[in-house]
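The values are calculated or read from the model by the stated rules, or taken from the named source; none is laboratory data. None of the values given here were measured: they were computed from a predicted structure. For neighbour counting, all protein chains shown are included, and Cβ atoms are generated from backbone atoms with ideal geometry for every residue, glycine included. Each accessible area value is taken on the protein alone, full model and side chains, heavy atoms only, with ligands, DNA and RNA left out. Shrake-Rupley method; radii C 1.70, N 1.55, O 1.52, S 1.80 Å.
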Amino acid sequence: MHLRALALTCFTALAACDNAPVDNTLPASTEEVGVNTAAATATRISAAIGDNDLSFETLGTFEQRDGVRALILRATANRYLADVLSFVPDDAFGDAHIISERRFEIVLHEGYELNTVLSGLPLFIRVTTNTGTPRAYTARIVVAPRFYDFRGDSGIWIDEEVTPRYVIQGNDNLIYRGHATAAGRVDWLSVTAPDGIPSVYGRPNFKLDWTYTKLHEAIDPHTVPLAFSAGGDDGPTMQKTARLVARVTELALTDGDAYDVWPSPPCDPVVSACYHSQPAGTTDFGQCGTYRQVLSCTY
């Protein structure tokens, strides 16, 4: 069994790099693997096993597929492809298609498929090649909502990450939560957009909460930004825009049994202690861990 670490690259347009005051610089260990010069940001994530290389375009795009909107993730191998299959534990999941000799795509339909993956469930892709060693391997990817293309006042800081959290609300216990802060004496922060506006609360460290439906509206299409305004009682003092997209954030490869290499994680004792120590009537367990970490401790 061979498992090699991934390499991640991210090149961001200069206009998008003013998201002060937090330093969002990537670790020095990352290496360049490709740039799409047609985009404001060109990003790939890559990994290798044996003499096989595989890379994904991290930015997912939406298209109409099978009569519904779908997130499309595209990947490139260095060997001719014979077959690809996408799955989650014990079940085929999404659609995988070879689109050229060395390229394939993953299609995640809007609704159950997209929500399941964005909520933190890793997706496996079985790749079979015509040449190379090994001839078959499995990729594991994680897809998550991420902000990028920050433009405007540096006094508004928007956290790049939007994290699924366990929040009890009727029949759905999943919320996608982001964070934003503003410098100086700020009384309010608002978000506007054609669709996909989050609930905003919690001055001075503002929380941004989306239901899955609102999140999908915010990331599809990925070309439409959200507009942030922050200020005091005398009116807006700062403005900023950012785009929310679905990105491949993790990639790893193995030629072993995917279920052995990446077993479903059990309930973490720390998460369990946090969950069970909350007062009766608590509905928001975001402080205890991610949605799937808390979910595994509720049984």
Among the numbered conditions (1) surrounded by fewer than 22 Cβ atoms within 10 Å (Cβ to Cβ); (2) modelled with pLDDT under 95, tell me where Tyr148 comes up short.
(1)
Hits in segment 35-53 (condition: in a loop (DSSP other than H, G, I, E, B) and at pLDDT 50 or above):
Gly50, Asp51
Name the single residue, out of those in segment 199-217 being outside any helix (DSSP H, G or I) and hydroxyl-bearing (Ser, Thr, Tyr), that is surrounded by the most Cβ atoms within 10 Å (Cβ to Cβ).
Thr211
Residues in segment 81-97 that are β-branched (Val, Ile, Thr) and either out of contact with any strand residue (DSSP E or B) (no Cβ under 6 Å at 6 or more places or on another chain) or surrounded by fewer than 16 Cβ atoms within 10 Å (Cβ to Cβ) (or both): how many?
1
Exactly one of Ser264, Ser272 is in a loop (DSSP other than H, G, I, E, B), among the polar types (S, T, N, Q) and over 22 Å from Asp153 (Cβ atoms), and that residue is Ser264
The lone exception for Glu101 - which of (1) at pLDDT 95 or above; (2) open to solvent by 50 Å² or more (accessible area, probe 1.4 Å); (3) under 30 Å from Arg165 (Cβ atoms); (4) touching a Phe, Trp or Tyr at 6+ places or on another chain (Cβ under 8 Å) it fails
(3)
Identify, by number, the condition in (1) in contact with a helix residue (DSSP H, G or I) (Cβ under 9 Å, 6 or more places away or on another chain); (2) farther than 30 Å from Gly232 by Cα; (3) modelled with pLDDT of 95 or more that His109 doesn't meet.
(1)
Counted residues, segment 218-241 - those being more than 15 Å from the chain's Cα centre (by Cα) and either buried (at least 22 other Cβ atoms within 10 Å of the Cβ) or aliphatic (A, V, I, L, M) (or both):
7
Identify the residue in segment 130-143 that is open to solvent by 10 Å² or more (accessible area, probe 1.4 Å) and either in contact (Cβ under 8 Å) with a residue 60 or more places away in the chain or under 22 Å from Thr58 (Cα atoms) (or both) and, among all such residues, is nearest to the chain's Cα centre (by Cα).
Val142
Just give me the residues in segment 251-293 being more than 27 Å from Leu208 (Cα to Cα), open to solvent by less than 30 Å² (accessible area, probe 1.4 Å) and out of contact with any strand residue (DSSP E or B) (no Cβ under 6 Å at 6 or more places or on another chain), in sequence order.
Gly256
Taking Thr282 as the residue in question, decide whether it is at pLDDT 95 or above and out of contact with any Ser or Thr (no Cβ under 9 Å at 6 or more places or on another chain).
yes
Determine the pairs where a residue that is under 16 Å from Glu113 (Cβ atoms), located within segment 76-89, has a partner that is in a loop (DSSP other than H, G, I, E, B) and modelled with pLDDT under 95 with Cβ atoms under 7 Å apart, the partner being 6 or more residues away or on another chain.
Pro89/Ser264
It is to be established whether one or more residues within segment 60-69 are assigned to a strand (DSSP E or B) and open to solvent by less than 50 Å² (accessible area, probe 1.4 Å).
yes
Report, by residue number, each residue of segment 228-247 that is touching a residue at least 24 places away in the same chain (Cβ under 8 Å) and in a loop (DSSP other than H, G, I, E, B).
Asp233
